[in-house]
Amino acid sequence: MQTNVDITLRVNGAAVSRRVEARMNLVDFLREELGLTGSHVGCEHGVCGACTVRVDGRIARGCLMVAAQADGAEVWTIEGLSDTGELRALKDAFVERNALQCGYCTPGMLLTAAELLERRPDAGRAEIRRFLSGNYCRCTGYEAIVDAVEMARGR
């Protein structure tokens, strides 16, 4: 038996109301219901970080959060944060340091790095690595990503 629930939230600054299946996770809601495909579905177990979004000011794994849990919340995706310009320094540094290759992990990396720089703008390389450790990247080897985060903090 499928149970539906009504949810109302703000996504990238806009009010959104929908009736969704009670077990639909947040990343599927964003992708399928709203067409916001920047957050990716990777492992579906909260391990890879590809589904990272910002919920009420903190990063969250969109695959582990049921959309109904976001009822009343403020959700920001890579698309919305890119539009605000908040990620400009990080995005530029990622390009300059060649910190992206296939791009699959990049949205989650950018959101996670932005939260780190907000919390700890003076973070050293070891702390950057630790903070990003929940975001998997199979292409870059992380060195360039850490370089990019260091570069962005000075901008």
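Just so it is clear, none of the values below were taken in a lab; they were calculated from the coordinates. Only a predicted model underlies this, so the values are computations on that prediction, with no experimental measurement involved. Backbone-built Cβ (ideal geometry, glycine too); neighbour counts: all protein chains shown.
What to note about this one:
- Cβ charges +1 (Lys, Arg) and -1 (Asp, Glu), total dipole of the stretch 86-153, debye: 160 debye
- The slack between Arg130 and Ser17, meaning 0.36 nm per residue of separation minus the straight C-alpha distance, is 37.0 nm.
- Rounded to the nearest 20 debye, dipole of the chain from Cβ charges on Lys, Arg, Asp, Glu: 300 debye
- Cα-based shape type of the stretch 42-92, given that a ≥ b ≥ c are square roots of the gyration tensor eigenvalues and the cut on a/c is 1.5: oblate
- Candidates Ser17, Ser133, Ser82, ranked by Gaussian network fluctuation over the chain, Cα under 10 Å, top entry: Ser17
- From largest to smallest, the equivalent ellipsoid semi-axes obtained for the stretch 1-80 from the alpha-carbon gyration tensor read 17, 15, 11 Å.
- Amide H contacts under 5 Å for Asn25: Ala67, restricted to partners 5 or more places along the chain or on a different chain, H placed in the peptide plane at 1.01 Å from N.
- Relative contact order, percent, the stretch 32-108 [alpha-carbon distance under 8 Å, six or more residues apart]: 33 percent
- Pairwise Cα separations in the chain fall into 10 Å bins from 0 onward with the following percentages, short to long: 12, 42, 32, 13, 3, 0.
- Charge dipole of the chain about the Cα centre (unit charges at C-beta), most positive-ward option of Gly124, Trp76, Ala99: Gly124
- Computed extension gain for Cys43 through Arg119, at 0.36 nm per residue and net of the alpha carbon distance, reaches 24.7 nm.
- 3J(HN,Hα) from dihedral phi, the stretch 106-120, Karplus parametrisation 6.51/-1.76/1.60, rounded to Hz, x for glycine, proline: 4, x, x, 4, 5, 5, 5, 5, 4, 5, 4, 5, 5, 6, 9
- Across the chain, C-alpha contacts under 8 Å between residues 6 or more apart give a mean separation that, scaled by the residue count, equals a relative contact order of 24 percent.
- Whole-Å semi-axes of the stretch 78-155's equivalent ellipsoid (Cα gyration tensor): 16, 15, 12
- Helix 143-153 and the longest principal axis of the Cα set of the chain meet at an angle near 90°.
- For a label point 7 Å along the Cα-to-beta-carbon line of Val95, residues of the stretch 54-88 with backbone N under 18 Å: 78-88
- Per-residue HN-Hα couplings for the stretch 8-17 [Karplus 6.51, -1.76, 1.60; θ = phi - 60°; Hz; x = Gly/Pro]: 9, 8, 10, 10, 6, x, 10, 5, 9, 10
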